[in-house]
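Student: Encoded as structure tokens, here's the structure I'll be asking about.
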Amino acid sequence: SAADKGGWSSFMAKEISEEPEAVANTVRGRVGDDGLVHIPELEGLDELFGTISRVVVVACGTASYAGMVGKYAIEKWTKLPVEVALSHEFRYSDPVIDEHTLVVSISQSGETMDTLMAVKYAAAHGAKTLSICNTQGATIPRESDAVVYTHAGPEVAVASTKAFVAQITALYLFGLHLARVRGTLSEQALAENIAQLQSVPDKIAEVLTQQDEIAQLAHWMSDSRAVLFLGRHVGYPIALEGALKLKELAYIHAEGFAAGELKHGPIALIEPGQPVFVVVPSPRGSQTMHAKVVSNIQEIRARGAKIIAIAEEGDVAVLPFADTVVRVPLAAPLFEPLLAVIPTQIFAMELATAKGLDVDQPRNLAKSVTVE
Ligand code: G6P
């Protein structure tokens, strides 16, 4: 009912508005008096975490893209190799796992059958299992050795939004917890990273103030037949997620690509008028990566692409080539995806709305897929 939506036009609109809280609530209670990450649920597991040599993330859909983002952070902070596998591919790939492997599952519902079966397979083959889940007492956390709950609150809309940012948050908390236990980051680096994470909710709130401009853009683009998304490094999974949202909600053919792959194929798709979202990495992170993405933008612009750049405030390098620039506040590179994803979610919701579609209940989809 309208009352449950708290005055919002859809659950999805309400859930997007709750993203700052989803991140803040997931961090709450997990930073100790020393200013470092201590996840109470993982107390007593230091010895176990000391023995692992590898992490494999298993998930489906949006949760798998959260896993891809998490890989960059966990590898950087812990120096453990992290692999991300789709749950349904993992089990049939004869995966290399043993008692030194930690299998981290990510699931909003905690009931996705493919992910549950991947966790059971991992446990049966001697791996340790950790569940990142948004639903207290769901099946996947019950089947796992440990659980880190995301506190996004109930997510009703079929397409995941606030759970996604909460999943990245939980993976980052876990990465910082692990780095402290394993001694792979200095206290200063641990503290700086948690401070970055704590600043994310206010920054998401800033992105949300651009809702009307993004809605207008979606309105203009409502007869697009295909939309492409490009990203690099942590922006790559955001390109994949942005494309998934558009498929799910607006039934538009959308593809996400690693920007560096452009010249290996996707550039052939560019024709005059083709809309392309580009997640632009901060020039304050890797200048090389930033320059390469700007050069990708020039290449496709020269072939007539219509560019929607998602770029950090003050990044003027994109201005001459972008048809539209959506700004995100400054953040350390690893934290940019938590901001850059927001405009893509709003865009998909607004475009579906402009087409008169039901954004909460897209056709053919279920909130939680409990069959294999
Ligand atoms: C379904 C939903 C997606 C979700 C995926 C994984 O396909 O429509 O939005 O990302 O399942 O769900 P989970 O509950 O495991 O995160």
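The values are calculated or read from the model by the stated rules, or taken from the named source; none is laboratory data. Just so we're clear, the structure is a prediction, and the values are computed from it rather than from any experiment. Virtual Cβ from ideal backbone geometry, glycine too; neighbours counted across all protein chains shown.
Student: For Gly260, state whether it is closer than 20 Å to Met68 by Cβ and within 16 Å of the ligand (Cβ to nearest atom).
Tutor: no
Student: Of all residues in segment 97-119 being more than 12 Å from the ligand (Cβ to nearest atom) and under 22 Å from the mean Cα position of the chain (by Cα), which is farthest from Ala85 (Cα to Cα)?
Tutor: Step by step, filter segment 97-119, then rank; the result is Leu102.
Student: If you don't mind, there's one more thing I want to ask. Under 21 Å from the mean Cα position of the chain (by Cα), more than 14 Å from the ligand (Cβ to nearest atom) and either under 26 Å from Leu249 (Cβ atoms) or charged (D, E, K, R) (or both): does that describe His88?
Tutor: It is false that His88 is under 21 Å from the mean Cα position of the chain (by Cα), more than 14 Å from the ligand (Cβ to nearest atom) and either under 26 Å from Leu249 (Cβ atoms) or charged (D, E, K, R) (or both).
Student: Among (1) closer than 21 Å to Ala152 by Cα; (2) touching a residue at least 60 places away in the same chain (Cβ under 8 Å), there is one condition Gly35 misses while meeting the rest; what is its number?
Tutor: Result: Gly35 fails condition (1) only.
Student: Then there's this: Inspect segment 8-31 for any residue being over 27 Å from Lys247 (Cβ atoms) and at pLDDT below 95 and give the result as yes or no.
Tutor: no
Student: Can you name every residue in segment 113-149 that is surrounded by 22 or more Cβ atoms within 10 Å (Cβ to Cβ) and hydroxyl-bearing (Ser, Thr, Tyr)?
Tutor: Selection gives Thr115, Thr129, Ser131, Ser144.
Student: If you check Arg180, Arg225, Arg142, which single one turns out to be charged (D, E, K, R) and within 18 Å of Thr26 (Cβ to Cβ)? Give the derivation first.
Tutor: Numbers: Arg225 fails: within 18 Å of Thr26 (Cβ to Cβ); Arg142 fails: within 18 Å of Thr26 (Cβ to Cβ).
Every option except Arg180 fails the conditions.
Student: Still on this structure, I have one more. Collect the residues in segment 357-367 that are within 12 Å of the ligand (Cβ to nearest atom) and either more than 21 Å from Ala13 (Cβ to Cβ) or hydrophobic (A, V, I, L, M, F, W, C) (or both), keeping them in residue-number order.
Tutor: Asn364, Leu365, Ala366
Student: Another question, then. Restricting attention to segment 120-174, report how many residues are within 14 Å of the ligand (Cβ to nearest atom) and of a type in the set (D, E, K, R).
Tutor: Residues in segment 120-174 being within 14 Å of the ligand (Cβ to nearest atom) and of a type in the set (D, E, K, R): 3 in total.
Student: So which residues in segment 114-141 are farther than 20 Å from His177 by Cα, out of contact with any helix residue (DSSP H, G or I) (no Cβ under 9 Å at 6 or more places or on another chain) and outside any loop (DSSP other than H, G, I, E, B), if there are any at all?
Tutor: Lys120, Ala123, Ala124
Student: Could I ask something else about it? Working carefully through the options Gly67, Gly44, find the one that is small (Gly, Ala, Ser) and either more than 12 Å from the ligand (Cβ to nearest atom) or on the phi > 0 side of the Ramachandran plot (or both).
Tutor: Gly44
Student: Any residue at all in segment 58-71 that's buried (at least 17 other Cβ atoms within 10 Å of the Cβ) and farther than 28 Å from Gly285 by Cβ?
Tutor: Yes, segment 58-71 contains a residue that is buried (at least 17 other Cβ atoms within 10 Å of the Cβ) and farther than 28 Å from Gly285 by Cβ.
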